[in-house]
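The block underneath contains the structure these notes are about, expressed in structure tokens.
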Amino acid sequence: MLVKKIAILGSTGSIGTQTLEVVDQNDDLQVTALAAGGNVRLMEQQIRKFRPSLVCMGNEEKARELRTLTADLKVRVTAGMEGLLEVATQPQSDVLVTAIVGMIGIRPTIAAMEAGKDIALANKETLVTAGHIIMPLAKKQNVRILPVDSEHSAIFQCLNGEDSRTIHKILLTASGGPFRGWKKEQLAMVQVEDALKHPNWSMGKKITIDSSTMVNKGLEVMEAKWLFGVEMEQVQVVVQPQSIIHSMVEFEDGAVMAQLGAPDMKLPIQYALYYPQRRYLPGKRLDFTKIENISFATPDPEVFRGLLLAYDSGKRGGSMPTVYNAANEYAVAAFLERKISYLTIVEMIESAMEHHRFVEQPGVEEILAAERETYEYLESRW
């Protein structure tokens, strides 16, 4: 039996834990390295169950705590960016699952690709901010970028066996989040608890807030541009509240291919890990005799202005998507801490974009500098 060895960045988060559930269900997957931020207790449990030889924590204090808890095990515990790079390039692994949140994922992803690893990509920020670096590098290194996001996995599946040059349009579906059908005046009263109630998906806090503002969908549009080699204008966001159709591709002859399924992130995770093979996956199945309707709508541009700003950012390119992403990260963190109102999230993004000094072809250092400058600007204003 050929065993595929995987390393995971962000193993204690939503995608990371579900990836480990997939590993647990398949004897031919083996975990060799894990990385997480600060959840020491969960990381200890993961080490004891999956027995990686290398792990990384967000800082040295957390690493010391974990070393004490796992002193009886053969595992090396590292910390910080140095540790992330070590996990990403570990010689034993075949695939790196990038389930870490934020732009901290860019350097480890690049390092893994340079080391010849395939990437199971769940870190949006990598392509949103550095797609112009990542995609040419993948081609040069002859490594695969395998999307884990449900929407991008759906598009990837629809394109299997097709010529991507015949894409006319990508129809990127969205549930519409908890505020579908609301008016802007209603959003002024939204509290943290309201925004965290997603109707269909179970996700981490940050991505759940992003889903409610549809900023998440804006990031996905930019990501789709790079993954599938299309223009921003070729990606149309369609609200599909039942979350049955996960995305579609319209080809130049008018044919439309769609990928349907129950809302379960383990499907795209497993598909990425085994591509091009399919494996049995336990779980809920669609029963078409019980589906009364599948409906579609256009996102309200007044209510979901963050989505319009994403299109503007993606069309301008260069360093602007970094500013969009960084401003959103900062604003969502502030909202979760109840420091700003819900509508201020999008106001912060727009203000940061207007203030930014544009860089046409930013390298990694310039991307990270744009992130820092965006944070500093917002800290000075709010």
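For Arg279 and Arg144, the difference between the fully extended length at 0.36 nm per residue and the C-alpha to C-alpha distance is 46.7 nm. Measuring nothing but protein heavy atoms, the accessible surface of segment 51-90 at 1.4 Å probe radius is 49 percent carbon and sulfur.
A Cβ-based charge dipole, computed about the Cα centre of the chain with Lys and Arg at +1 and Asp and Glu at -1, lands at about 980 debye.
From the coordinates of this entry, Rg and Dmax of the Cα atoms in Å is computed, and it appears in [x] 26.7, 91; [y] 20.2, 62; [z] 24.6, 81 under the label [y]. Cβ-Cβ distance of Glu379 and Glu193, R₀ of 22 Å, FRET efficiency by 1/(1 + (r/R0)^6): the value works out to about 0.25.
Our note on the geometry: Cα centres of segment 97-150 and segment 311-382, 21 Å apart.
The residues of segment 1-132 have, on average, 39 Å² of accessible surface per residue, using a 1.4 Å probe with all protein chains present. Highest-first packing order for the peptide set 39-47, 27-35, 93-101 is 93-101, 27-35, 39-47, based on the mean count of other beta carbon atoms within 10 Å. Note on the chain: with a GNM built from Cα contacts shorter than 10 Å, the maximum mean-square fluctuation among Asn59, Asn293, Asn123 falls on Asn293. Under 13 Å from a label point set 7 Å out along the Cα-to-Cβ vector of Ser341, no amide N atom of segment 212-228 is found. Hey, in the GNM for the chain with a 10 angstrom Cα cutoff, which one of Glu193, Glu329, Glu366 fluctuates hardest? Result for the chain, Cα springs under 10 Å: Glu193 fluctuates most. Using a Gaussian network model of the chain in which every pair of alpha carbons under 10 angstrom is joined by a spring, one finds that among Ser341, Ser150, Ser11 the greatest mean-square fluctuation is at Ser341. For the chain, complete DSSP H runs whose alpha carbons reach 18 Å or more along their own long axis and whose mean Kyte-Doolittle score is -1.0 or higher are 124-141, 215-228, 320-336, 364-381. Dividing the summed helix terms, -39500 (n - 2.57) for each DSSP H run of n ≥ 4, by the number of residues in the chain produces a 222 nm estimate of -14000 deg cm²/dmol to the nearest 500. Take 272-278, 301-307, 313-319 and order them by the average number of nearby Cβ atoms within 10 Å per residue, most first; the result is 313-319, 301-307, 272-278.
The values are calculated or read from the model by the stated rules, or taken from the named source; none is laboratory data. Only a predicted model underlies this, so the values are computations on that prediction, with no experimental measurement involved. Glycine also receives a Cβ, built like all others from the backbone with ideal geometry; neighbour counts cover every protein chain displayed. Heavy atoms of the whole protein, side chains included, go into the accessibility calculation; ligands, DNA and RNA do not. Shrake-Rupley method; radii C 1.70, N 1.55, O 1.52, S 1.80 Å.
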